[in-house]
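Below you'll find the structure I mean.
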Amino acid sequence: MSGYRVVIGGMSHETNTFSTVKTTLEDFRPIYGDEIVETLKGTRSGIGGYFDVLEREGFEYLPTIKAGATPAGPLRNEDYWEIVEEIKAGIRGAGKIDGVLLALHGAMIAEDVPEAEGTLLREVKALVGETPVIITLDLHGLISKMMVEHCDAIYGYDTNPHVDMYERGVEAAEAMVRTVRGEIRPVVAHRKLRMVPPTINQRTAEGPMVKLLETARRMEGQPGVLNVCLFPAFPYADVDRVGSAVVAVTDDDPGLAQRLCDELGEQMWGLREEFLKPLTPIVEAVKTAMDAPEGPIILADVADNPGGGAPGDGTEILRELLKQGAENVGVACIKDPEAVAKAIEVGVRGTLSMDIGGKTDKHHGKPLRVKGTVRTITDGRFIHKAMAVGVPADVGRTAVIDVQGIEIILTERSHAPNDPEVYRRNGVEPTDKKILVLKSRGHFRAAYEPFSRAVFEVDAPGLTTPNLEWFTYRNIPRPIWPFDKI
Ligand SMILES: [Zn+2]
């Protein structure tokens with residue numbers, strides 16, 4: 001062993017301030033200490049990347065807490081501070097340490113702490129002083145001055161769908177190793193932009209992000225540049241730090257870092273209109289999918305994406321499918337604990353007649369009366385085979401009901417079905433379906449696009465609609481695009 005010691009922590013939540021669902025510590029299902037190693041070592045998660053690098057380099061790692069929840073409304077204050085205190089206690093209890101690696105999201109908001117990550121970093125820095133603090137962030141993170149001021153380097157995901165969590169974890173940990181050994185002295189700069197693009201066209205395989213990432217990669221080829229990353233960011237947060245940003249990390253050259261941010265920021269601003277994209281109306285999407293000669297045709301319910309803080313119980317697309325008489329359809333998922341309990345009560349092959357979905361709020365369609373047969377019942381646990389490969393998932397007890405040839409996965413918890421495992425675990429083979437409804441904005445593409453014939457982003461109502469005019473913002477800086485002329 002090198003004798004070097006690094007504390008590890010993870011806190012991630014993408015907070016949708018328009019959601020009425022409060023997020024509590026229970027939703028985070030936090031894991032602690034050795035349990036983090038047991039759960040994440042060997043997985044394609046960011047923390048999995050930390051472990052692999054530190055172990056290879058003979059560094060000792062000291063995991064504190066790893067807490068991540070499905071996006072929803074702001075986190076309760078006391079729960080937020082409990083996570084912060086747990087990380088601080090881990091640092092205090094670790095004795096002499098050489099660095100802190102934190103896997104964060106970047107768009108987390110607690111009831112009275114709009115700067116959840118910035119505040120955590122400030123508290124950590126106050127404890128560790130000059131000791132390096134390096135973080136990984138989601139591409140949807142809301143970068144702030146406070147975050148940048150209280151850490152030594154930032155590594156954001158370069159892909160969307162986020163299939164590079166592990167690689168960015170590896171990069172961050174390698175930067176930590178080199179910093180601790182005195183080989184580099186990272187400095188980080190950022191540039192915030194007066195733009196709030198919807199998430200619909202922030203993919204990295206097409207659209208404006210392709211050009212921006214090209215520039216970032218070219219910049220990373222310059223001497224002294226350690227990392228350049230883009231944060232088109234998450235728009236469903238009514239806070240001051242909303243908006244896109246770019247970040248650059250250099251080896252002890254703050255001037256260069258700032259120049260890179262300014263240049264890349266200018267390019268991003270110039271491309272802002274390209275982030276907008278039209279959606280397909282519900283009736284047209286259903287009809288086109290039914291008329292298609294071959295499936296699976298994906299109907300993405302982008303506005304009811306639990307991955308962005310919507311409840312995942314919207315009924316409007318399903319209502320239209322039933323109305324037009326679609327068959328051989330899979331719907332993933334509708335969160336409805338009451339319906340799951342009823343399905344379990346009547347059992348497999350039993351029938352139930354009840355209202356499903358539309359129960360969380362008034363923004364995702366009314367509850368839908370269905371009569372169906374229960375096909376399967378499971379505990380809703382599976383291991384990810386796409387994106388964070390190897391990481392366990394738990395969507396709560398789950399039942400599949402068949403309503404007129406439409407198989408609906410009912411879950412106890414909100415879940416964005418980005419991994420087809422949620423179908424297979426529940427006895428539905430997604431490749432056999434003519435139509436698949438996915439409550440997801442875009443992360444599903446990594447695993448579903450290879451076997452689907454077409455994708456329609458459907459204009460149903462919901463808390464993650466790309467139609468940002470639908471929301472009333474009160475706390476964001478003005479003027480800001482696309483709401484104001486600048
Ligand atoms: Zn993201």
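Bear in mind that the values in this text are calculations on the coordinates, not laboratory data. Because the structure is predicted, anything quoted here is derived from the model rather than measured. Virtual Cβ from ideal backbone geometry, glycine too; neighbours counted across all protein chains shown.
Please give the FRET efficiency for residue 183 paired with residue 56, using the beta carbon to beta carbon distance and R0 = 25 Å, rounded to the nearest 0.05.
That pair, residue 183 with residue 56, gives E of 0.95.
Explain nothing, just compute: Karplus ³J(HN,Hα) = 6.51 cos²θ - 1.76 cosθ + 1.60, θ = phi - 60°, for every residue of region 148-156 in order, whole Hz, x for Gly and Pro.
Listing the rounded values in order: 5, 5, 10, 8, 9, 7, 10, 10, x Hz.
Quick check: from the Cα gyration tensor, does region 282-465 come out rounded (a/c under 1.5), prolate or oblate?
Since a/c stays below 1.5, the shape of region 282-465 is classed as rounded.
Turning to a different aspect of this structure: If you average 1/r over all unlike Cα pairs in region 257-346 and invert the result, what Kirkwood radius do you get in angstrom?
16.6 Å
Here is a further query. What ³J(HN,Hα) values, in whole Hz, does the Karplus curve 6.51 cos²θ - 1.76 cosθ + 1.60 give for region 199-212 when θ = phi - 60°, with x put for Gly and Pro?
Computed from phi, the couplings for region 199-212 are 7, 4, 10, 9, 5, 9, 8, 7, x, x, 5, 4, 5, 5 Hz.
Taking amide H atoms as placed 1.01 Å from N in the peptide plane, list the residues 5 or more away in sequence, or in a different chain, whose amide H sits under 5 Å from that of residue 75.
Under 5 Å from the amide H of residue 75 lie the amide H atoms of 23, 109, 110, 111, each far enough along the sequence or on another chain.
How are the C-alpha pair distances of the chain spread across 20 Å bins, as whole percents from the shortest bin up?
25, 55, 19, 1
What's the center-to-center distance, using Cα atoms, between region 414-486 and region 144-185 in Å?
Between the Cα centres of region 414-486 and region 144-185 lies a distance of 28 Å.
In whole Hz, with x marking every Gly and Pro, tabulate ³J(HN,Hα) for region 432-446 from phi via Karplus 6.51 cos²θ - 1.76 cosθ + 1.60, θ = phi - 60°.
Result, ordered by residue: 7, 7, 6, 10, 10, 9, 10, 7, 7, 7, x, 5, 4, 4, 4 Hz.
Return one number: the angle in degrees, 0 to 90 and rounded to the nearest 10, between the long axis of the Cα atoms of helix 254-270 and the longest principal axis of the Cα atoms of the chain.
The angle comes out at about 30 degrees.
Can you give the local net charge around residue 128? Use residues other than it whose beta-carbon is closer than 14 angstrom to its beta-carbon, Lys and Arg +1, Asp and Glu -1.
Around residue 128, the surrounding residues sum to +2.
For region 426-486, build the convex hull from the C-alpha positions and give me its volume per residue in Å³.
Measuring per residue, one finds 149 Å³ for the Cα hull of region 426-486.
What are the trypsin sites (Lys or Arg not before Pro) within region 1-54 that DSSP puts in a loop, where the Cβ has at most 15 other Cβ atoms within 10 Å?
22
If each DSSP helix of 4+ residues adds -39,500 (n - 2.57) and the sum is divided by the residues in the chain, what number results at 222 nm, nearest 500 deg cm²/dmol?
-8500 deg cm²/dmol
Something else: Which translational diffusion coefficient, to the nearest whole µm²/s, is obtained for region 1-109 from the Stokes-Einstein equation, given a Kirkwood hydrodynamic radius over C-alpha pairs, 37 °C and 0.692 mPa s?
227 µm²/s
In addition: Looking at the square roots a ≥ b ≥ c of the eigenvalues of the Cα gyration tensor of region 152-199, which shape do they give, rounded for a/c under 1.5, prolate if a/b is larger than b/c, or oblate?
Judged from the Cα gyration tensor, region 152-199 comes out oblate (a/c at least 1.5, b/c at or above a/b).
Considering only DSSP states other than H, G, I, E and B, which GluC sites (Glu not before Pro) in region 164-193 qualify as loop sites with at most 16 other Cβ atoms within 10 Å?
183
Further question: Could you work out the Kirkwood radius for region 5-275, taking every pair of different alpha carbons, averaging 1/r and inverting it, reported in Å?
18.3 Å
Could you list 36, 344 in order of exposure, starting from the residue whose Cβ has the fewest other Cβ atoms within 10 Å?
By the 10 Å Cβ count, ascending, the order reads 344, 36.
In terms of modelled amide H atoms, which long-range or inter-chain residues lie less than 5 Å from the amide H of residue 226?
HN-HN under 5 Å from residue 226: 249, 250, 251.
Compute the distance in nm between two label points, each set 7 Å from the Cα along the Cα-to-Cβ direction, one at residue 82 and one at residue 210.
4.6 nm
For region 237-375, give the magnitude of the charge dipole about the Cα centre (Cβ charges: +1 Lys/Arg, -1 Asp/Glu; no others), in debye to the nearest 20.
Roughly 1160 debye for region 237-375.
Let me ask something additional. Amide H to amide H, which residues 5 or more places from residue 333 or on other chains are under 5 Å from it, using H placed in the peptide plane?
439
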